[in-house]
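A short worksheet on the structure shown next.
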Amino acid sequence: MSGTSRRGFKRQKALEILTRLKRLYPDAICSLKYDTPVQLLVATILSAQCTDERVNKVTPALFDRFPDAAALAGADISEIETLVRSTGFYRNKAKNIQGACRAIVEKFGGQVPKQMEQLLELPGVARKTANVVLAHAYGINAGVTVDTHVKRLSYRLGLTSQTNPVKVERDLMPLLPQEDWENWSIRLIYHGRAVCAARKPACDRCILADLCPSVDRTVS
Ligand code: SF4
């Protein structure tokens, strides 16, 4: 198969996967709780190596005490650390949250910027976090969010042979309509949690089994 027809085949497959996942998971919403773009940015930083459920347990008290970028920028760092401790890597996360909020106050007038390049200047913000914030806070599909579920499922489904998230994102973007970039990620995350688990994928009840080269094989 030539490179062009292989890409066409992959694109067709990606669209079919998306159609099925849209039927299975009609509501694709971000499971982090937030009221403002700054709060979404903070929640996304906290979600690294942690479940959204756990993050949602700590953010109400955090945002109650420090509701915006200015409050977090001026906070006593030990107070932030205490409030986010149960999400793991709390010292680093507190440092990044405060560093990002200081930059937002000093360079962007207290508002989370809407440009990918500017977001990537903030401490603790890589493409995954920037994509989540742009898509859910501003409705901007700047890229495909690649977390551990998106990476694993895209690989198992044969849509990428890469494992580096930036390279996986580069493989996925041409396969999907831009308006579907974020909802692809959300639905793959749902499917990763519900069916295609890292250790024991439930291939026997997977609606993607006939499209999946990894069916009945545990690969990562
Ligand atoms: S068939 Fe199995 S490996 Fe493939 S996506 Fe479904 S659960 Fe995952």
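Quick note: the coordinates plus some simple rules give every number you see, no bench work behind them. Please read all numbers here as calculations on a predicted model, not as lab measurements. Counting neighbours? That spans all protein chains shown, and the Cβs are built from the backbone with ideal geometry, glycine included.
Over 18 Å between C-alpha atoms is what I'm after, so list which of Lys13/Lys128; Lys93/Lys128; Lys57/Lys200 land there. Could you put the intermediate results ahead of the total?
On the way: Lys13/Lys128 24 Å; Lys93/Lys128 15 Å; Lys57/Lys200 27 Å.
Over 18 Å Cα-Cα: Lys13/Lys128; Lys57/Lys200.
With the convex hull drawn over the C-alpha atoms of the chain, the volume per residue is 117 Å³.
Here is how the number arises for the chain: DSSP H runs of 4 or more residues each give -39500 (n - 2.57), the sum is divided by the residue count, and the result at 222 nm is -17500 deg cm²/dmol.
Using alpha carbons only, what's the Rg to Rh ratio of the stretch 138-208 with Rh from Kirkwood? Could you put the intermediate results ahead of the total?
Numbers: Rg = 11.9 Å, Rh = 12.3 Å.
Result for the stretch 138-208 is an Rg/Rh of 0.97.
Under a model in which nothing but the beta-carbon of Lys, Arg (+1) and Asp, Glu (-1) is charged, the chain shows a dipole of about 900 debye around its Cα centre.
Considering only Cα atoms, the convex hull volume of the stretch 37-138 works out to 81 Å³ per residue. Distance from the Cα centroid of the stretch 132-200 to that of the stretch 82-112 is 25 Å (rounded to whole angstrom).
Site pair Phe89 and Asp204 shows an inter-label distance of 3.6 nm when each label is modelled 7 Å from Cα along Cα→Cβ.
Count Lys and Arg as plus one, Asp and Glu as minus one, and take only other residues whose Cβ is under 11 Å from that of Pro201; the net charge is then +4.
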